[in-house]
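**Q** Would you mind keeping the following structure in view while I ask a few things?
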Amino acid sequence: MECVAAVDDNSETPLLTVKDLNKRYGKGCPACETPEMLAGDDNRCPHCGSVWACIHVQFELYAGEILGVVGESGSGKSSVVKSLYFDEDVHSGVATISAYKGGKVNIFSESAQQKRYIRNYLMGMVYQNPLMGLKMSFSSGGNIAEKLIASGMYHVGNIRKRAGELLEHVDIPLSRMDERPKNFSGGMQQRVQISKALANNPPILLLDEVTTGLDLSVQARVLDLIRKIQREFEVATIVVSHDLGVIRMLADRTVVMRHGRIVEEGLTDQILEDPQRAYTQQLVHSLL
């Protein structure tokens, strides 16, 4: 199994670097072999219907920071995190993690075994739909155990102890550790997902629209939990959301996506208080 180096404490060194990420849905045709062949700023091919969900996307994520990725539905923001977590294959691009092989290897080009290793040790993922992140036929503790076993922990006592600690951390009573998440509310299911994602203390946490569909009071509780976890674990986090209120509350820096492209990026306060691009201005005004 590949050995991981310690996370670089130098805040000037990116923990995650993504360069020229391109992701296409559909087989493509001679009219859309590259995104540059599409007319204007549209990302859908008028001939075959293929969509370039990510077009030359690049950004950096630093240890301990929260990066927001915002845009309307279909902008490509969820495709970014799903690509990073290997849920989706990319067309081309480079992503490196400083804690993995010295940051010198493109994780998209690694073997299936190494990608599983990266998922199990270096990244945690929380999906919008808990059905994608949890096995509803397992207990809440069993879902966490699955992540721990995948990383090589087999002692039942240690697994239950770790699962209990994580569930307590996200305010799930230990009395419900052996209960299936299908009996939980949406907010509780998201908190179980978060505890599972943190099971192996990954340096990178990916959150994909984690508050969508939740009641406002439940959203607030989940967001408070994310802020608490980020402070305590100092985990670098990418937060994908169409809700600028979520981005305002959580993100240190923000990138704005439209039609698969990053159209603006900067400090979150700067993006929200003084947006430069017309599209970003429309997004901000829609919040007001």
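**Q** Take the residues of the stretch 12-48 that are on the phi > 0 side of the Ramachandran plot and touching a Cys at 6+ places or on another chain (Cβ under 9 Å): which is surrounded by the most Cβ atoms within 10 Å (Cβ to Cβ)? Outline the logic, then answer.
**A** Narrowing the stretch 12-48 to residues on the phi > 0 side of the Ramachandran plot: 20, 26, 28, 40.
Add one more test, that the residue is touching a Cys at 6+ places or on another chain (Cβ under 9 Å), and what stays is 26, 28.
Details: Gly26: 14, Gly28: 18.
The residue in question is Gly28.
**Q** Also, I was wondering about something else. Contact list please: Cβ distance under 6 Å, first residue in the stretch 247-271 and within 16 Å of Val18 (Cβ to Cβ) and at pLDDT 95 or above, second residue part of a helix (DSSP H, G or I) and of a type in the set (A, V, I, L, M), pairs at least six apart or on different chains.
**A** Thr254/Ile247; Thr254/Ile271
**Q** Quick one: Val263 ticks every box in (1) out of contact with any Lys or Arg (no Cβ under 6 Å at 6 or more places or on another chain); (2) surrounded by fewer than 22 Cβ atoms within 10 Å (Cβ to Cβ) except a single one, so which number is it?
**A** The number of the failed condition is (1).
The values are calculated or read from the model by the stated rules, or taken from the named source; none is laboratory data. Keep in mind it's a predicted model, so treat the numbers as computed, not measured. Here the Cβ is made from the backbone with ideal geometry for all residues, glycine too, and neighbour counts use every protein chain on show.
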